[in-house]
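S.K.: Take this structure first; my questions come after.
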Amino acid sequence: MEVILIAFVVGLIGLCAYLLWRIIKIERNFGEFFNSKDTQGSIMSRLNQYADQEKDQNKRLAKLEERTQKLQGLAEHGHSRIGFVRFNPFADTGGDQSFCLAVLDYKGNGWVISSIHARTGSRVYAKQIILGQSSHNLSDEEATAVTKALKQNPYQEKHGSK
């Protein structure tokens, strides 16, 4: 009977040693919870607080992603691609007072405006641009302005994607 009792006590000591080792391991892994001087509740309440914070952060992240998508859509439809060419169409005038201005969006849609300056006055022309092309014939200067605008892609240059 004594042998059984001694074996039982040794077993209990082994179990206590194992449990002590597990507690030390848990404290090492979760030391922030155990060693904190914050006395505002149990470990479970602190874990629940962290879980609530994570849910809040996930909601905020989802809102930011939604807002980013809206801003990206606005950026793609904004006329941010600009091409500008100054030129002198007539030999009897100087100063390159005539110009072409192409204003396009992300997809290459927009317009080109040309102002031709002569001694007798100035004339202004506008042509629609759809996907980088016009249904009207473009002058060399207008085509150059459109080409300059199409080469620009501010969104891709700054953000590394379409």
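The values are calculated or read from the model by the stated rules, or taken from the named source; none is laboratory data. On a predicted model such as this, the values are computed, not experimentally measured, just so you know. Positions of Cβ are generated from backbone atoms using ideal geometry, with glycine treated the same way; all protein chains shown enter the neighbour counts. The area values use the complete protein model at the heavy-atom level, side chains included, leaving out ligands, DNA and RNA. Shrake-Rupley method; radii C 1.70, N 1.55, O 1.52, S 1.80 Å.
S.K.: Hey, with R₀ at 35 Å, roughly what FRET efficiency would I6 and F30 work out to, going by the Cβ-Cβ distance, to 0.05?
M.R.: Numbers: r = 36 Å, r/R0 = 1.03.
The value I calculate is 0.45.
S.K.: Compactness ratio of the chain: Cα Rg over 2.2 N^0.38 Å, N = residue count? Intermediate results must be reported in sequence, preceding the final value.
M.R.: Values: Rg = 36.7 Å, N = 162, 2.2 N^0.38 = 15.2 Å.
Compactness ratio reported: 2.41.
S.K.: Between T120 and R46, how many nm apart are label points set 7 Å from Cα along the C-beta direction?
M.R.: It works out to 8.9 nm between the two label points.
S.K.: Give the Cα extents of the stretch 40-91 along the principal axes, in whole Å, largest first.
M.R.: Largest to smallest, the principal-axis extents are 88, 17, 9 Å.
S.K.: What base-10 log of the normalised intensity I(q)/I(0) is obtained for the stretch 75-137 from the Debye formula, alpha carbons as equal point scatterers, at q = 0.14 Å⁻¹?
M.R.: So the normalised log intensities work out to -0.46.
S.K.: Figure the gain on full extension for L74 and R60 (residue separation times 0.36 nm, minus the Cα-Cα span) and round it to one decimal in nm. Kindly include the intermediate steps, with their values, before the conclusion.
M.R.: Numbers: separation 14, 0.36 × 14 = 5.04 nm, distance 2.10 nm.
Result for the pair: 2.9 nm of gain on full extension.
S.K.: So what's the angle, to the nearest 10 degrees on a 0 to 90 scale, between helix 2-29 and the longest Cα principal axis of the chain?
M.R.: Approximately 20 degrees, to the nearest 10.
S.K.: Rounded to the nearest 0.05, what FRET efficiency do H136 and Q97 have when you use their Cβ-Cβ distance and R0 = 25 Å? Display every interim value, and only then the final one.
M.R.: Values: r = 23 Å, r/R0 = 0.92.
With R0 = 25 Å, the Cβ-Cβ based efficiency is 0.65.
S.K.: Among 83-90, 47-54, how do they line up from the highest to the lowest mean number of other beta-carbon atoms within 10 Å?
M.R.: Order by mean packing, descending: 83-90, 47-54.
S.K.: Separate question: What whole-number value in Å² describes the accessible area per residue of the chain for a 1.4 Å probe? Can you show the working numbers first?
M.R.: Working: 12570 Å² over 162 residues.
I get 78 Å² per residue for the chain.
S.K.: Next up: What part of the accessible area of the stretch 61-148, given as a whole %, is carbon or sulfur when the probe is 1.4 angstrom? Before the final figure, lay out each step's value.
M.R.: Details: 3170 of 5780 Å².
C and S fraction of accessible area: 55 percent.
S.K.: Relative to the longest principal Cα axis of the chain, at what angle does helix 140-151 sit, 0 to 90 degrees, rounded to 10?
M.R.: Once rounded, one gets 0 degrees.
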